[in-house]
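What follows is a single structure, written as structure tokens, with notes after it.
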Amino acid sequence: MIQIGDLTFSFSETLVIAGVVAAALLGLILLLLVLTLVRAGRSARMVVPLATHLDALSTRVQGLSDGQERLAGGLTHVSEAQVAAQSNMLKLMEARLSEVSTRMNENLSNSATRTARSLGDLQQRLETIDKAQANIEKLSGDVLSLQDILSNKQTRGAFGEIQLHDIVSKALPRDSFTIQAKLSNDRRADCLIHLPNPPGPIVIDSKFPLEAYEALRAADTQWELNEAAKALRTAVRKHIRDIAERYIIEGETADGALMFLPSEAVYAELHANFPEIVREGFDLRVWTVSPTTCMATLNTMRAILKDARMREQSGAIRKELKMLHGDVERLVDRVGNLDRHFTQAAKDISDIKISADKAGKRARRLDNFDFEELGGEPETPVVALAPKQG
């Protein structure tokens with residue numbers, strides 16, 4: 001139960017309970033309203049600086065927004081500039097790459113061309129080297145063959161004869177010498193030159209004392225040198241005496257002969273270190289010649305042959321000269337006749353020119369009707385006709 005003043009209420013009553021609840025609620029509401037008002041006053045007092053702060057904050061936000069817009073515009077400009085710079089950079093890089101590529105292609109092409117040319121030159125040089133190698137091998141074979149030839153006396157003699165024949169055939173006419181000519185003593189000369197008397201036919205015989213010369217060149221000691229010199233002296237002296245005995249025949253050949261040495265070295269060795277052998281050859285009228293001096297001697301013989309043949313043909317030459325003199329005299333007469341014809345032709349042309357000038361003058365006068373001037377000239381007399389016989 002509840003007692004309020006004089007009134008007493010029981011909780012068992014429904015209305016009483018509802019009223020109490022309603023009153024409690026109303027009081028609670030009022031309390032809440034009071035509290036709300038109190039708090040609203042406080043909030044109002046607190047809202048004023050907050051609003052100010054919010055205004056400032058709004059201003060700053062607006063400034064930030066404007067700055068953001070300007071920053072966005074700047075970023076856009078920077079982005080556009082960057083895009084343009086990137087585009088220009090790309091174009092420049094493409095141009096540079098194209099130029100570099102072009103130069104690289106040209107360099108590669110030039111390098112390929114130079115390489116191909118170098119390879120071609122190298123190929124040609126290799127071919128030249130191969131040819132030279134083949135020539136060297138052939139020359140080596142020829143040298144070996146020459147050594148084989150020179151190592152045998154018979155083949156060496158044939159070699160000297162062939163060389164002698166080659167020199168003589170180049171220096172003299174074919175009918176002026178005979179190879180392997182047989183003499184009256186049944187000896188065969190390597191070459192017989194048909195010179196006129198004097199001196200008469202002269203023999204050239206080929207000799208090649210190679211063993212003694214090689215021994216002389218290969219000598220290491222004084223004893224070996226002396227022995228080799230003795231052998232060379234003996235060999236050459238024997239050759240000279242054989243030529244003097246076999247190929248100098250009185251009344252058939254010249255009173256001298258030539259010994260042909262197919263080696264300039266052997267010839268120089270004889271004249272340098274064995275002058276007594278050379279003088280002995282002079283005494284026996286056997287003159288030693290090398291390929292070079294043999295050619296000079298043969299050219300002298302050629303001049304002798306030419307002079308002899310000129311003397312043999314002197315009669316025919318005089319006859320030809322006489323006939324030539326007659327031809328020249330006839331030519332002089334005919335030239336004189338031709339000159340007279342030309343002189344007469346010149347006179348006739350001069351007379352024709354005079355007549356043409358006169359005819360031209362008359363034609364001009366007739367064209368100008370200048371009869372008085374024509375009348376002044378003496379008239380041609382008229383010849384009277386003879387009377388007819390009745």
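FYI, it's all coordinate maths here, none of it is from the lab. Here the structure is a predicted model, which means the values were calculated and not measured. Note that each Cβ is placed from the backbone with ideal geometry, even for glycine, and that neighbours are counted across all protein chains shown.
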Pair residue 57, residue 187: separation of 7 Å Cα→Cβ label points (nm):
15.2 nm
Listed pairs 182/306; 170/207; 182/207 exceeding 22 Å between Cα atoms:
182/306
Select from 231, 287, 277 the residue farthest towards the positive end of the dipole of the stretch 217-330; place +1 on Cβ of Lys and Arg, -1 on Cβ of Asp and Glu, and compute about the Cα centre.
287
Which of 352, 240, 249, 179 has the fewest other C-beta atoms within 10 Å, and how do the rest follow up to the most?
352, 179, 249, 240
Charges at C-beta only: +1 for Lys and Arg, -1 for Asp and Glu. How large is the resulting dipole of the stretch 205-250 about its Cα centre, in Debye rounded to 20?
120 debye
So for the pair residue 211, residue 302, with labels modelled 7 Å out along Cα→Cβ, what separation do we get in nm?
3.8 nm
Label-to-label distance, nm, for residues given as residue 130 and residue 332 (7 Å Cα→Cβ offset):
7.5 nm
Residues residue 321 and residue 350, FRET efficiency given R0 of 25 Å [Cβ-Cβ distance, rounded to 0.05]:
0.05
How big is the dipole moment of the stretch 153-320 about its Cα centre under a simple scheme where the beta carbon of each Lys and Arg is +1, that of each Asp and Glu is -1, and everything else is neutral? Debye, nearest 20, please.
560 debye
When the C-alpha atoms of the stretch 159-257 are aligned to their principal axes, what extent does each axis show, in angstrom, from largest down?
50, 29, 22
Expressed in µm² per second, the diffusion coefficient of the stretch 189-332 from the Stokes-Einstein equation, with Rh the Kirkwood radius over alpha carbon pairs, at 25 °C and 0.890 mPa s, is 138 µm²/s
